[in-house]
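Trainee: A single structure is presented below for examination.
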Amino acid sequence: MKRNHILVVDDDSSLRRVMKMQLEEAGYAVSLASDGEEGWKLLRSLDPHLVITDLRMPTTGLQLLERVSHEACRRR
Amino acid sequence: MVAVPVSLRSQRAKATSVVLLVFLLAGLTWLTPPRDEVLHNILHHLNILPFMLAGLFFGWRGAARTLLLAALLQTPSIYRHWHVDRLDADDQLVELSIFGAAGIIAGLLADRERMQRLQVEETKAELEHVYTELRQNIEQMKKTERLTAAGQLSASLAHEIRNPLASISGAAGILARGQASAESRGECLEILTKESQRLNNLLTNFLEFARPRLPRPQPTDPADLIYAVAALAQHVASARHVAVRIEADPRAPEMQCDPEQIKQLLLNLLLNAVQATPEHGSVVVRCITLPNAVTIEVLDEGMGVAVQDRERIFEPFFTTKETGTGLGLAIAANIAEQHGGRLQCIEGDGGGAVFRLELPRHTVAMRCRGTGQVLA
């Protein structure tokens, strides 16, 4: 069975690694991005099931969320 | 024996000497034969002495009482000169009255002078009281100012503490469950060490920043200083949606200053600028390095500072903010002065305020205001 895929976006490297380990332990496939820009690129290329993002970081999480909702509208 | 206060004892001595003088003059006048007119004349003129002394020592009431006593004691002589041995008794009466009146006037003047002295002393005591109270208030307000700054800092601090804490608790959880691979366990231990160290460094820096102390000059990179301050103010700036832009040459040469004090000063300017700037505006921190000086400007997009207030905003307790204590800029200006530099407020191109800090690059000696101490 294909594992569910989660994208974690956070500028804090320790937090990113811990979340990856925790989510993998729970049985998910995890991809990591360190800012909103990288997160957006991975989102486009990997098409994950879920995105978990920090808000306060360079190219903020809010900007990433805006792009995601635009994309969602476009697809509909 | 009852102890008598010195002031009261001297008052008594004065009263005794005046009374004795009156008795002496009355006695001598009685004993001097009427034909010795010259001696009588001298004695009559000497009457002015006790009246004047009583006036000076005890005021107009003292002079009046002395006049009454003298008139009573000299009545026999005057009577004798009038009826028995004819002498100028009316002259004697007139002289007694005039000298008495002079004594009373001197007494009135002395009373007035005494009253004024009393008022001055009362005012002095009152001023001393007000001064003490004012000093206590200043101490209190300084404390409040420190607490306010601490409040803003603790918001940033809380944010800085949460991330490492989340990593630590997450890594500890993975280790506790014991299902992770050897590689992951190693990674968790590394994260635990690294994040604990990060928290420790954060608190050390914070304490060093928050604890007030004398200036300690050391070679400092001005750009590093500005970036560190911007990081501290970032939390407040993001909350207000204000962007902080830094224009500083990272290759700028080092300068001699107390980095913590200059950070405190710049943080103060930066937080003020952020508060003054409307939402979605921006604040610029600009650093210009000259051969012998460093100029750091903080530019905001607020309403600016009125021309008449540009000097006064550096005075203690002058504030244009509703919740301000008016000490922040005074402390900032003091730090600039201690470094041999100065802090000014000038008008910006866009109407906002510009705070310009000028510091010498090589500080020979630092003055510490208040203690008179010179720090090499």
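Trainee: In segment A:1-22, how many residues are basic (Lys, Arg) and either away from every other protein chain (no Cβ under 14 Å) or farther than 23 Å from B:ALA182 by Cα (or both)? Walk me through how you get there before you give the answer.
Mentor: So the first thing to find is which residues in segment A:1-22 are basic (Lys, Arg), and the list is A:2-3, A:16-17, A:20.
Those left that are additionally either away from every other protein chain (no Cβ under 14 Å) or farther than 23 Å from B:ALA182 by Cα (or both): A:2-3.
Qualifying residue count for the region: 2.
Trainee: So which residues in segment A:23-39 are buried (at least 19 other Cβ atoms within 10 Å of the Cβ) and either within 10 Å of chain B (Cβ to nearest Cβ) or over 18 Å from A:LEU55 (Cα atoms) (or both), if there are any at all?
Mentor: Within segment A:23-39, just A:VAL30 meets the criteria.
Trainee: Another one. Any idea which of B:LEU175, B:LEU207, B:LEU225 is at pLDDT 85 or above, part of a helix (DSSP H, G or I) and either more than 22 Å from A:GLY27 (Cα to Cα) or not assigned by TED's automatic domain parsing to the domain that holds B:ARG162 (or both)?
Mentor: On the way: B:LEU175 fails: either more than 22 Å from A:GLY27 (Cα to Cα) or not assigned by TED's automatic domain parsing to the domain that holds B:ARG162 (or both); B:LEU207 fails: at pLDDT 85 or above.
That would be B:LEU225, the only listed residue that is at pLDDT 85 or above, part of a helix (DSSP H, G or I) and either more than 22 Å from A:GLY27 (Cα to Cα) or not assigned by TED's automatic domain parsing to the domain that holds B:ARG162 (or both).
Trainee: Checking the conditions here, which among B:ARG80, B:ARG117 is assigned to a helix (DSSP H, G or I) and more than 19 Å from B:VAL38 (Cα to Cα)?
Mentor: B:ARG117
Trainee: Then there is this: Got at least one residue in segment B:140-160 being within 14 Å of chain A (Cβ to nearest Cβ), at pLDDT below 90 and over 30 Å from B:ALA330 (Cα atoms)?
Mentor: Restricting attention to segment B:140-160, the residues satisfying the condition of being within 14 Å of chain A (Cβ to nearest Cβ) are B:155-156, B:158-160.
Narrowing the set further to residues that are at pLDDT below 90 leaves B:155-156, B:158-160.
Restricting the remaining residues to those that are over 30 Å from B:ALA330 (Cα atoms) gives none.
Scanning segment B:140-160, I find no residue that is within 14 Å of chain A (Cβ to nearest Cβ), at pLDDT below 90 and over 30 Å from B:ALA330 (Cα atoms), so the answer is no.
Trainee: Anything in segment B:235-252 that is modelled with pLDDT under 90, buried (at least 17 other Cβ atoms within 10 Å of the Cβ) and part of a helix (DSSP H, G or I)? List them, or say none.
Mentor: Within segment B:235-252, B:HIS235, B:VAL236 qualify.
Trainee: Which of the numbered conditions does B:SER77 fail, given that it passes all the others? Conditions: (1) of a type outside the set (Val, Ile, Thr); (2) surrounded by 16 or more Cβ atoms within 10 Å (Cβ to Cβ); (3) within 60 Å of the chain's Cα centre (by Cα).
Mentor: The single condition B:SER77 does not satisfy is (3).
Trainee: Related question: Which members of segment A:61-76 meet the condition of being within 14 Å of chain B (Cβ to nearest Cβ) and either hydrophobic (A, V, I, L, M, F, W, C) or touching a strand residue (DSSP E or B) at 6+ places or on another chain (Cβ under 9 Å) (or both)?
Mentor: Hits for segment A:61-76 are A:GLY61, A:LEU62.
Trainee: Oh, and also: Here is a list of conditions, (1) modelled with pLDDT under 85; (2) hydroxyl-bearing (Ser, Thr, Tyr); (3) in contact with an Asp or Glu (Cβ under 7 Å, 6 or more places away or on another chain), and B:THR295 meets all of them except one; can you say which number that is?
Mentor: Among (1) modelled with pLDDT under 85; (2) hydroxyl-bearing (Ser, Thr, Tyr); (3) in contact with an Asp or Glu (Cβ under 7 Å, 6 or more places away or on another chain), B:THR295 violates only (1).
Trainee: Go through segment B:167-180 and report how many residues are surrounded by 11 or more Cβ atoms within 10 Å (Cβ to Cβ), farther than 18 Å from A:ASP10 by Cβ and more than 8 Å from chain A (Cβ to nearest Cβ).
Mentor: 2
To keep it simple, each residue is scored yes or no on (1) assigned to a helix (DSSP H, G or I); (2) surrounded by 15 or more Cβ atoms within 10 Å (Cβ to Cβ).
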| site | (1), (2) |
| --- | --- |
| B:ARG35 | no, no |
| B:LEU39 | yes, no |
| B:PRO50 | yes, yes |
| B:PHE57 | yes, yes |
| B:ALA63 | yes, yes |
| B:LEU69 | yes, yes |
| B:LEU96 | yes, yes |
| B:PHE99 | yes, yes |
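Trainee: Next question. Confirm whether A:ARG74 is of a type outside the set (Ser, Thr, Tyr) and surrounded by fewer than 20 Cβ atoms within 10 Å (Cβ to Cβ). Walk me through it before giving the result.
Mentor: Values: of a type outside the set (Ser, Thr, Tyr): yes; surrounded by fewer than 20 Cβ atoms within 10 Å (Cβ to Cβ): yes.
Taking the combined requirement at face value, the residue satisfies it.
Trainee: How many residues are modelled with pLDDT of 90 or more and closer than 19 Å to B:ALA252 by Cβ if we restrict to segment B:352-366?
Mentor: 5
The values are calculated or read from the model by the stated rules, or taken from the named source; none is laboratory data. What you are looking at is a predicted structure, and each value in this text was computed from that prediction instead of being measured. Reconstructed Cβ throughout: ideal geometry from the backbone, glycine too, with neighbour counts over all protein chains shown.
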